Amino acid sequence: MFYHEVVSPRALPGDVFDYLLARGWYPMRQMIFTTSHLDAAENLEPQPVPWLRYPVPEVKLRESHRRIIRKNRDYDLRLVSPFAHSPELNDLYRLYLDSVDFEGYPSVAAATFEPDTDNIYDTRAFILRDRERIFGCGIFHRGETSVASILHFYDPEYSALSPGKYLILLTMDYCRRENIEWYYPGYVIEGNPRMNYKLFLGESAAQYYHPEPHPMNGSWKEFNRSILITGESSRQTFRSDIPG
């Protein structure tokens, strides 16, 4: 099954955001989209992308999680709500982007919303500081019962602290404290392990979206490694009835 759809709503209340996340949609800038595949390089087949979520009460702290928390416990942490742009974060993001081997959003604004414009999402962020120096940022959108991670970036000099994973753990802890039911980290890619870090919370708790018989009426199933083995996919297109 092959499908792709994007809508640009004028507003997106929290309950509607929850509804769309639960049906395999995901925020992108000031839009929300769903897809079954990513475009691949020329002469290669598109890559299937199973969407992930975690039922928050079923995610348990592991020793590997505790080690990451201990490594970061002496650094300053602040929750910014609502999220606000700053030159410091822009500089940090450019530093991060220069250190990775994949193509990311060109800027923090491109991943979220432009400064001094309306934002359809309830956007918040965790900021990590070493004294006066920002070294990590994790941005997420909140609904009424769901949270979706949007962008994690950090100073590569602090990579030994695993700040990317620490920001995910902080977001999960936020979900527990706020009685959020579902945490959505995005997708993994069949045949490509680059996104598999999203499974470090615990594969036994993870679920993936199975979009049949129809992408808007699929179901969530227990995650298993077999879905990361690329196979042939039938092609089907659809149109949603979600208003823009």
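The values are calculated or read from the model by the stated rules, or taken from the named source; none is laboratory data. Everything numeric in this text was worked out from a predicted model, so none of it was measured. Heads up, the Cβs are rebuilt from the backbone with ideal geometry, glycines too, and the neighbour counts pull from every protein chain shown. Just the protein is used for accessible areas: all its heavy atoms, side chains included, with ligands, DNA and RNA removed. Shrake-Rupley method; radii C 1.70, N 1.55, O 1.52, S 1.80 Å.
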Look at TYR93 and say whether it is surrounded by 12 or more Cβ atoms within 10 Å (Cβ to Cβ) and modelled with pLDDT under 95. no
Report yes if some residue within the stretch 102-125 is open to solvent by 60 Å² or more (accessible area, probe 1.4 Å), farther than 26 Å from SER8 by Cα and free of Cβ contacts under 8 Å to residues at least 12 places away in the same chain; otherwise report no. no
May I ask you to list pairs of residues, at least six apart or on different chains, whose Cβ atoms are under 6 Å apart, with the first in the stretch 126-151 being over 14 Å from LEU79 (Cβ atoms) and without any contact (Cβ under 8 Å) to a residue 12 or more places away in the chain and the second being open to solvent by 10 Å² or more (accessible area, probe 1.4 Å) and not in a strand (DSSP E or B)? none
Does ARG94 qualify as being closer than 18 Å to LEU151 by Cα, of a type in the set (Lys, Arg) and without any contact (Cβ under 8 Å) to a residue 40 or more places away in the chain? yes
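Which is basic (Lys, Arg), over 20 Å from the mean Cα position of the chain (by Cα) and on the phi < 0 side of the Ramachandran plot, of ARG23, ARG62, ARG53, ARG78? Step through it out loud before you land on a result.
Values: ARG23 fails: over 20 Å from the mean Cα position of the chain (by Cα); ARG53 fails: over 20 Å from the mean Cα position of the chain (by Cα); ARG78 fails: over 20 Å from the mean Cα position of the chain (by Cα).
Going through ARG23, ARG62, ARG53, ARG78 in turn, the sole match is ARG62.
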Which of the residues that make up the stretch 93-140 are charged (D, E, K, R) and part of a strand (DSSP E or B)? ASP122, ARG124, ARG129, ASP130, ARG133
For MET195, are the conditions met, namely being in contact (Cβ under 8 Å) with a residue 24 or more places away in the chain and not small (Gly, Ala, Ser)? no
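Yes/no matrix, rows are residues, columns are (1) over 18 Å from ARG67 (Cα atoms); (2) out of contact with any strand residue (DSSP E or B) (no Cβ under 8 Å at 6 or more places or on another chain):
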position: ARG142; (1), (2): yes, no
position: TYR154; (1), (2): yes, no
position: LEU170; (1), (2): no, no
position: ARG177; (1), (2): yes, yes
position: TRP182; (1), (2): yes, no
Top-ranked residue in the stretch 160-188 [being touching a Ser or Thr at 6+ places or on another chain (Cβ under 8 Å) and surrounded by fewer than 22 Cβ atoms within 10 Å (Cβ to Cβ); ranked as farthest from GLY138 (Cα to Cα)]: GLU181
